Each structure stands twice: as C-alpha cells, then as structure tokens.
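Only one structure is covered here, and it is reproduced in the block below.
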Amino acid sequence: MGQLGKRRASLSASLKTGARRSCCRTPEEEEVHIPFAQDSLVKQWRSMQNVADRSQEESEVPVRRNKYFLNINVGGKLFHIACRVVARYPVTRLGKLATCTDPTKKMQLCDDYSVQKNEYFFDRDPSIFHYIFHFYCSGVLWIMDEMCPSNFMEEIEYWGIHLKYSQRCCRILLEEKQDELSEYLKIQKELEAELEPVDSAQQFEGKCLGKFRRAIWNLIENPYSSVPAKIIAVMSSFFVLISIVGMTLSTVEEMKHKTGKKWMEQTEMICAIFFTSEYLMRLISSSSFKNFLRAALNAIDLVAILPFYIQILFENLDEGETLYHEELHKMENVSKLGKVLKLIKLMRIFRILKLARHSTGLRAFGFTMRQCYQQVCCLFLFIAMGVFTFSALMHSVEHDVPGTNFTSIPYAWWWAAVSLSTVGYGDTVPDTVLGRIVAFGCISFGIILNGMPISILYNKFSDYYAKLKEHENESSLSLKLSRRLRLKERVLRKLSECCQPEPRCHH
C-alpha cells in the first residue's frame, strides 16, 4: 500500500477514532501534525485515581509522553494539541502553559495535573472548548447561534482568547444576542422590583412595635394574608368608586339643591376619612419613611386626600376674610377662591389611580408605558410633525377661498390633529381639489402612523400582564398552602390535646 500524504489542517471538528503510534512519524512531523480529539477514548477523569489500577488503565489508554504535545483534559474530554501551534498565541492560557517552564506556574494555570498520564485538567465546559481547539488549529474563532452568549464570553475570557479572532458576521450576531439578553434581564429585574412591595414582613424584626406594625402591614399591603386584609382591599376599591361617582353626580343640576348637596358632602367626608386612615396605617407600618415617600402609589394616596383638607382650609380662610374686607373686594376674593376650589375639587379625579394598587392590568399598563417611553415619544413627535406639515399645506391651498376656516396655520392645527387620528368630526373641511388631496394625504399618513406602535405596545403589555398575573397567582397559592398547613397543625394539636388522658386526683 502506498504511503498516504500528509493531511492538511481542517476548519471543522477533527476527532481521533483510535489510538495512534508516534513511531511512524519523526519529531518534525509531530510538531506540524495536529491530532484529533480522542472522543472514542473519552473517560471520566479524576485527579485522585487509584494507583493500583494504573497498569490496567495504561493497557487500555496509551500514555502520551511526547514533549511536543499538550494533553488537555477539559471536563472529562481529552484533547492533544501541539505546543508549537499553541505557542503562536502566548497571551492565551494554553499558550502560557506551553511556553512556561516553571512547574509551579503551570499548576496555577490549570485546575489539576495527572503525573501518571501527563494530563492537565480544566474544569470547564468541553462543548465550548471544541471551538477553542478549532481556534488554535485554524486561527479563527467560530461562534454558533445555539450557544449562550454569556457562557461563551465567560469561557473565552477564561482561556484568554479575544473576540477579535472571530469572523465579523459572527461577532455582530453575538453582540446582538448579548444586547437582547441584557435587555431581557433588565426587564425581568424591573418586573421583580415592580412585584415586590416597598417593605417586607422580615424588615419589622427587632424594631419598635415590630409585631404590631407587621400585623398592620399585612392587613393593608398583603390582601392574600388573611380574610380581613382581603375585605379592606375590596373596601378601598369600593370607596374609590363611590368617591368618583359622588364627584360626577355633584355636577348634575338636579343634585345641586340643598338635600343633594348635603348628601354629596357627607359622602365625600366619609371617603376622605377612610382614605386618610388608610394612608396613616400605611405610614405607621412603613419600615422606612424615605422609601414610603418615594413610592408612586403612596404619592397617589396623598394626592387623593389632599383636596378635601385644602378645601376646608380655603373655606375657613374665606370666612375669616369676610370680616375685614369691603363688599366689592369680598366678591372678588370669593370669585378667586371659587376658581381655586374648583381646581382642587378636580384633583379628586386622581383617586381613580388608587385602583392600580389592586389592579394587575393597570400596573401592567403603567409598566408598559415606562418601558416603551421612547417609542411613545417618537409617536408624539411624528404626530406633531404631521400636524405642522399638513396644517401649513392646507393653509397655503385654502386661505384664498372665501369663507374658509383655514385663515391661519394655528387654526388649521385642530383639523390636522383630528384628521391624523382618523376621527374626522367634519366641522372643518377643505373646499378645493388641492385641499382634498392634502386631506387625503393627511388621513393616509394618520392610518400608517396609528398602525405602527399598536403591535409593539400590545405585545409588551400582554407579556408583562401575563408575568404579573403569574406572580400574583403563585403568591396567592403559596399563602393558601401555608394557611392549610397551619390549619392542619392546629387541628392535629387540638386532637392530641383531646386524646390525652385527664390527670386523676389521688385522695
């Protein structure tokens, strides 16, 4: 049989299918030749092996004592690589291992060393080391799509290989996957922060009135902790709805008579007392006053109760001022105070935001708006650009028409905003052909503009809502299970107490 030619280095995986004998090649050929990974000879490796079984193991796996090669055991898989090939990259970990002559420094570069087998052991991922092995063979670092980017970056950082050795297309895809993973982890972290309350039950340990404040905290902040806590949560939502309905009915003409006004004032007072007591209970049970003031939901609770007390304060000031001013001046003050009171009463509409504390949908909507604020700002920017552009075009083609409503660009803003939103009230319409063409372009631009962010916002909202709902269901289920366990323990304790024999009295 003729002598086979020397095989060139391949970029693909090269696996050795059997044991080979180095007597067939000269040392120079051994330096150039790049052996395959011995997958057929892979065996789980331990640094503390039984010395008595050494002869049996040596008979099964031949020991390579060639000084021109490194025997690398990565997670139980054995690789043989020429020292000359590795030494071309002296900054890498294996390059330092090949060029280093100090045994102590070599031991610092690897996890363990087997003297009998002359193997350097590394407790790393063997699947990723295949690509490291390919890098030393070909000089190119290949990156597969199915690999985790964080794990891959951690491995090549350990082996001391820079990402610049990879192809540009692979590097771009890896960076994109890293950005996606970082964004996903960031959103997950913010979702967990959204789900976690400002305080926790463990923060009251060792503090003043810790048990009392913890009981109040569970009653107010944790509706799944007990039946009274759930009742208080339902009552809070009920009072919010009653307050909104009362504010709405107070503007009806039939309810402005004396009896109706009295009923509205009493309803407002009851709701304000409930909201004030709820806010004070939250303040008392808070473990950190600073964190309590920073919470957005607590700020909403404060805004919900402030209008009632500001209204009382202004009414008392109005009564005091009437003693010192003239009649005309009094009427001016009453008019000014009336406008201020109307504005303060309008602030009661923010009470509806209190429902976000007990509504998963509202919390998911708020979280979606916070995460998509850049897209929402871009949408408003496009709307503003469309309004200014089409209002200017409409004014330029319609301002000469007699009796037109497009007398100036600001007057055309309303028409452009209504047309972009595809509502089209019809109160202002163009009369010329050019004006109708501009109107058609404005409506078409509005349709395209309205369709852009809907899919993005809806997909993110549905994703966040599902995660929030899942966490809520898990919390309620864990609390139910804990209550069942406590009930079972109480029942067993009562049964054991009842079954114990009563002590007899000895006379």
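None of the figures in this text is laboratory data; all of them are computed from the coordinates on show. Worth saying up front: this structure is predicted, and the values here are computed from it rather than measured. Positions of Cβ are generated from backbone atoms using ideal geometry, with glycine treated the same way; all protein chains shown enter the neighbour counts.
Brief remarks follow.
- Burial ranking of peptide ranges 399-408, 350-359, 72-81 (average Cβ count within 10 Å, highest at the top): 72-81, 350-359, 399-408
- Of the three principal axes defined by the Cα atoms of the stretch 367-484, the extents in descending order read 80, 24, 20 Å.
- Across LYS230/LYS258; LYS164/LYS186; LYS469/LYS494; LYS354/LYS469; LYS354/LYS460; LYS106/LYS177, pairs whose alpha-carbon gap is larger than 29 Å: LYS230/LYS258; LYS469/LYS494; LYS106/LYS177
- Amide H contacts of ILE81 (H built 1.01 Å from N, under 5 Å, at least 5 apart or other chain): LEU70, ILE72
- Count Lys and Arg as plus one, Asp and Glu as minus one, and take only other residues whose Cβ is under 9 Å from that of ASP111; the net charge is then -1.
- For the stretch 359-419 and the stretch 250-270, distance of Cα centres in Å: 39 Å
- The stretch 107-113 - phi-based ³J(HN,Hα) in whole Hz, Karplus 6.51/-1.76/1.60, Gly and Pro as x: 5, 6, 7, 10, 8, 6, 9
- Counting Lys and Arg as +1 and Asp and Glu as -1 over every other residue whose Cβ lies under 10 Å from the Cβ of GLU268, the net charge comes to +1.
- Highest-first packing order for the peptide set 386-397, 101-112, 226-237, 295-306 is 386-397, 295-306, 226-237, 101-112, based on the mean count of other beta carbon atoms within 10 Å.
- Estimated from the Cβ-Cβ distance and a Förster radius of 56 angstrom, the FRET efficiency linking ASP112 and GLN374 is about 0.65.
- Under a model in which nothing but the beta-carbon of Lys, Arg (+1) and Asp, Glu (-1) is charged, the stretch 69-194 shows a dipole of about 1020 debye around its Cα centre.
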